[in-house]
Amino acid sequence: MLLVENLVSRYGRIEVLHGVSLSVAEGEIVTLVGSNGAGKTTLLRTISGVQPSMSGSIRFAGERIDALPAHRRVAKGIAQVPEGRQVFAPLTVEDNLRLGAVTRRDADIDADLAEVYAMFPALEEKRHLPAGALSGGQQQMLAIGRALMARPRLMLLDEPSMGLAPRLVEQIFATITGFKQRGLTVLLVEQNARAALAIADRGYVMETGRIAISGGGRALLDDDRVRAAYLGV
């Protein structure tokens, strides 16, 4: 579904991605782990079109998309849940969710809204409150629900467990696992490498803007290099 080849991206004169290549097959959960500053968020932003690429290619469902603006990529089926949630704090919970469907013109938006509320009942209870009044965990649910309202085929998740209590982290990872059962494809960036690799079909380890190691999720959990660097073992 997603094929990234030799991708280069920079901020100003500073090159952050140095020829990154990876793939995500339809229906997979693929996890991207690495230390802070390795380029993981930049890679997701470049795939979604928020950050421009300098060279290399991005193909989605066989079509090259690296020249498309971000909103065109959303319309084709790519949705990103950004690091730090980035909800629209003054708007209501429901308005935030409906903004996720802004590229859609079909008649099923209300049905999808009801489905998001069924998935996250706390959002329905607070649907008329400003998003900024929600707890961190509820804002993360809102950010995920907003992305789901775009009816994506590929979900890009950036640090969904950041700053959350352990109980909420378990809930978020259970939700991500449920995406696979719904046929949704996921590329997940996550500092909690142990939990992320445990649910992943495959994983990649990034170091200083490059892919250093790749393999099955369970295989990476047992890899001595990954265990020493990212799992504290």
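Computed from the coordinates by the stated procedures, all read-outs in this text should not be read as laboratory data. For clarity, every value in this text was computed on a predicted model and none was experimentally measured. With ideal geometry, Cβ positions are generated from the backbone for all residues, glycine too; neighbour counts draw on all protein chains shown.
Taking the Cα centre of region 104-220 as origin, sum charge times position over the Cβ atoms of Lys and Arg (+1) and Asp and Glu (-1), and report the length of that vector in debye to the nearest 20. Walk me through the numbers before you get to the answer.
Working: 14 positive and 13 negative charges, 52 e Å.
Result for region 104-220 is approximately 240 debye, rounded to the nearest 20.
Relative contact order for region 5-132: what is it in percent, counting Cα pairs under 8 Å that are at least 6 residues apart?
Once normalised by length, the contact order is 20 percent.
Could you calculate the FRET efficiency of Leu3 with Glu207 from 1/(1 + (r/R0)^6), where r is the beta carbon distance between them and R0 is 22 Å, rounded to 0.05?
Step by step, r from the Cβ atoms, then E = 0.55.
Taking the alpha-carbon set of region 2-71, what are its Rg and Dmax in Å?
In order Rg, Dmax, the Cα atoms of region 2-71 give 11.7, 37 Å.
Expressed as an acute angle from 0 to 90° and rounded to the nearest 10, what is the orientation of the C-alpha long axis of helix 109-119 relative to the principal long axis of the chain?
70 degrees
Restricting to the chain, compute how many DSSP beta bridges are antiparallel as a %, nearest 5.
Around 55 percent antiparallel, to the nearest 5.
Hey, got the dipole for the chain? About the Cα centre, +1 on K and R Cβ, -1 on D and E Cβ, debye to the nearest 20?
For this selection, approximately 420 debye.
Can you give the alpha-carbon Rg of region 140-233 over 2.2 N^0.38 Å, where N counts its residues?
Rounded to two decimals, the normalised Rg is 1.10.
Pulled fully out, how much extra length does the chain show between Ala198 and Arg167, if you take 0.36 nm times their separation in residues and subtract their Cα-Cα distance?
Full-extension gain reported as 9.5 nm.
What ranking do Asp95, Asp108 get, fewest neighbouring Cβ atoms within 10 angstrom at the top?
Result, fewest neighbours first: Asp108, Asp95.
Could you tell me what fraction of 2.2 N^0.38 Å the Cα radius of gyration of region 99-162 comes to, as a two-decimal ratio? Display every interim value, and only then the final one.
On the way: Rg = 11.8 Å, N = 64, 2.2 N^0.38 = 10.7 Å.
Its radius of gyration relative to the 2.2 N^0.38 Å reference: 1.11.
Find the relative contact order for the chain and round it to a whole percent, using C-alpha pairs within less than 8 Å whose residues are 6+ positions apart.
For the chain, the relative contact order is 28 percent.
I'm a student and want to see the number: the projected area of the Cα convex hull of region 22-150, averaged over all directions, in nm².
On the way: hull surface 36.0 nm².
Taking a quarter of the hull surface, the average projection is 9.0 nm².
Cross-link partners among lysines for Lys126, C-alpha distance below 28 Å, same-chain residues fewer than 8 apart left out?
Cα-Cα hits under 28 Å: Lys180.
Please list the non-local residues whose amide H lies under 5 Å from the amide H of Ile211, H modeled 1.01 Å from N, same-chain partners needing a gap of 5 or more.
Ser21
Across the chain, what fraction of all alpha-carbon pairs, as a whole percent, falls in each successive 5 Å bin from zero upward?
Per 5 Å bin, starting at 0, the Cα pair percentages come out as 1, 7, 15, 18, 20, 17, 12, 7, 3, 0, 0.
So what's the angle, to the nearest 10 degrees on a 0 to 90 scale, between helix 136-148 and the longest Cα principal axis of the chain?
Compared with the principal axis, the helix lies near 90 degrees.
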